[in-house]
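Comments concern the structure below.
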Amino acid sequence: RAKNEGRNCSCFFEQAMDLEARKRHQMELDMREAVREGQFILNYQPLFSLEQDRVMGFEALVRWQHPLRGIVSPIEFIPLAEDTGLIVPISEWVLNEACQHARHWPESVRIAVNLSPVLFKNPGLPLMVMQALDAAKLAPNRLELEVTESLFIENVERTTAMLNALRECGVRIALDDFGTGYSSLNYLRSFPFDKIKIDKSFVNDLATDSSSRAIIGAITALASALGMETIAEGVEDIVQLEALRSQGCSNIQGYLFSRPVGIEHVDAMIANMRYIQHNDTTAP
Ligand code: C2E
Ligand code: MG
Ligand code: MG
Ligand code: MG
């Protein structure tokens, strides 16, 4: 009898769980179809150098064009893609698509691609990267792979071995969302990253919070001492930009400069940046 009562009590929750599970299952089926049917697209967000006054590259950001639900954000579907293993074919598509687009850009413009930690369990990752570069005839140093600190939670040795194997392919490695992990400074010792992307949470309250300013100044100085570049993400206004500049961080990414845009806007953005630069240098 007690058991029955228990069941009654949890009935509501069981139904709710069941609904959640069914939703997840449906989403997984949809995602399999999306991989088959090619329902993913890439948006590009410029990475801008204040010092050089030009676009240094673009970060590829994936979106899912769901036939019924419209555009689905990666924040929503990447976790399930990671759980189901679908992250592998999705990432393969992202890498290839991004490299194919980037092959038409000027040599000074890089392409940045996000890599899920799940991919690092797959010994075929460096091959996957090399094949995408080869197919696009893109020089490896034009590709920057963005990884997050969560990569180091599991197996530091395997992770660094994989990062080294990727580095040997000639690609650049950036540490994304820096400062949000549990032991951020430690990760800088584990691997010599080419670039640190300072998480947007530090940029958010730059205007009002002097400790965020100090932290960004310290990260920038540290990175420079380690021979790494820095870029601040999530820069939305001019006050943040000036605070970053005064803290020695001269690379920015954010809505202030541009939201992520479709590939059809990228050429104009590249051309426009050069035009502004050209105008500046030839002004009387
Ligand atoms: P992320 O790599 O840190 O990318 C930056 C995110 O911040 C993007 O969100 C971008 O649209 C957003 N963002 C850029 N500037 C600003 C700003 O000024 N203000 C605010 N509030 N947000 C800004 P998005 O495109 O929704 O991507 C979210 C995350 O999804 C990415 O974070 C990345 O971790 C992941 N992601 C995106 N594409 C891929 C992919 O192809 N593969 C994998 N594994 N993950 C991806
Ligand atoms: Mg990123
Ligand atoms: Mg980021
Ligand atoms: Mg982020």
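The values are calculated or read from the model by the stated rules, or taken from the named source; none is laboratory data. As the structure is a prediction and not an experimental result, all values here were calculated from the model. Here the Cβ is made from the backbone with ideal geometry for all residues, glycine too, and neighbour counts use every protein chain on show. Protein only, heavy atoms only, side chains kept; ligands, DNA and RNA dropped before computing areas. Shrake-Rupley method; radii C 1.70, N 1.55, O 1.52, S 1.80 Å.
Exactly one condition in (1) open to solvent by 60 Å² or more (accessible area, probe 1.4 Å); (2) in a helix (DSSP H, G or I) is false for GLY227; which is it?
Unmet condition: (2).
Any idea which of ALA81, ALA60 is touching a His at 6+ places or on another chain (Cβ under 9 Å) and either within 16 Å of ligand 3 (Cβ to nearest atom) or farther than 24 Å from GLY234 by Cα (or both)?
After applying the criteria, what remains is ALA60.
Taking the stretch 236-254 as the region of interest, how many residues are over 15 Å from the mean Cα position of the chain (by Cα) and within 14 Å of ligand 4 (Cβ to nearest atom)?
Summing the residues that are over 15 Å from the mean Cα position of the chain (by Cα) and within 14 Å of ligand 4 (Cβ to nearest atom) in the stretch 236-254 gives 1.
When the residues of the stretch 23-61 are filtered to those that are more than 14 Å from LEU80 (Cβ to Cβ) and of a type in the set (S, T, N, Q), which remaining residue is surrounded by the most Cβ atoms within 10 Å (Cβ to Cβ)?
GLN45
Taking the condition at pLDDT below 95, under 25 Å from PRO140 (Cβ atoms), surrounded by fewer than 17 Cβ atoms within 10 Å (Cβ to Cβ) and out of contact with any Leu (no Cβ under 7 Å at 6 or more places or on another chain), does GLU20 pass?
No: the conditions fail for GLU20.
So is ALA243 of a type in the set (Gly, Ala, Ser) and farther than 24 Å from PHE193 by Cα or not?
So ALA243 fits the description; yes.
Since GLY170 meets every condition but one in (1) farther than 26 Å from LEU241 by Cβ; (2) buried (at least 17 other Cβ atoms within 10 Å of the Cβ), which condition does it not meet?
(2)
Would you be able to tell me the number of residues in the stretch 230-246 that are open to solvent by less than 70 Å² (accessible area, probe 1.4 Å) and among the polar types (S, T, N, Q)?
2
Identify, from the list GLN45, GLN52, GLN65, GLN26, the residue that is polar (S, T, N, Q), under 20 Å from LEU143 (Cα atoms) and not in a loop (DSSP other than H, G, I, E, B).
Exactly one of GLN45, GLN52, GLN65, GLN26 is polar (S, T, N, Q), under 20 Å from LEU143 (Cα atoms) and not in a loop (DSSP other than H, G, I, E, B), namely GLN45.
Name the one entry in PRO89, PRO79, PRO123, PRO106 that is surrounded by fewer than 17 Cβ atoms within 10 Å (Cβ to Cβ), within 14 Å of GLY57 (Cα to Cα) and out of contact with any strand residue (DSSP E or B) (no Cβ under 7 Å at 6 or more places or on another chain).
Among PRO89, PRO79, PRO123, PRO106, only PRO106 is surrounded by fewer than 17 Cβ atoms within 10 Å (Cβ to Cβ), within 14 Å of GLY57 (Cα to Cα) and out of contact with any strand residue (DSSP E or B) (no Cβ under 7 Å at 6 or more places or on another chain).
May I ask you to list the residues in the stretch 167-186 that are aliphatic (A, V, I, L, M), within 14 Å of GLU229 (Cα to Cα) and away from ligand 4 (no atom under 12 Å from the Cβ)?
ILE173
Search the stretch 163-181 for residues that are over 12 Å from LEU115 (Cα atoms) and pair each with any residue that is assigned to a strand (DSSP E or B) when their beta-carbon atoms are under 6 Å apart and the residues are at least 6 apart or on different chains.
Cβ pairs passing all conditions: VAL171/LEU143; VAL171/LEU145; ARG172/GLU144; ASP177/THR148; PHE178/ILE196; PHE178/LYS197; PHE178/ILE198.
Would you please name the residue that is least open to solvent (accessible area, probe 1.4 Å), looking only at residues in the stretch 139-167 that are β-branched (Val, Ile, Thr) and within 14 Å of ligand 3 (Cβ to nearest atom)?
Per the stated criteria, the residue is VAL147.
Residues in the stretch 180-199 that are surrounded by 18 or more Cβ atoms within 10 Å (Cβ to Cβ) and either under 25 Å from GLN45 (Cα atoms) or within 13 Å of ligand 3 (Cβ to nearest atom) (or both): how many?
7
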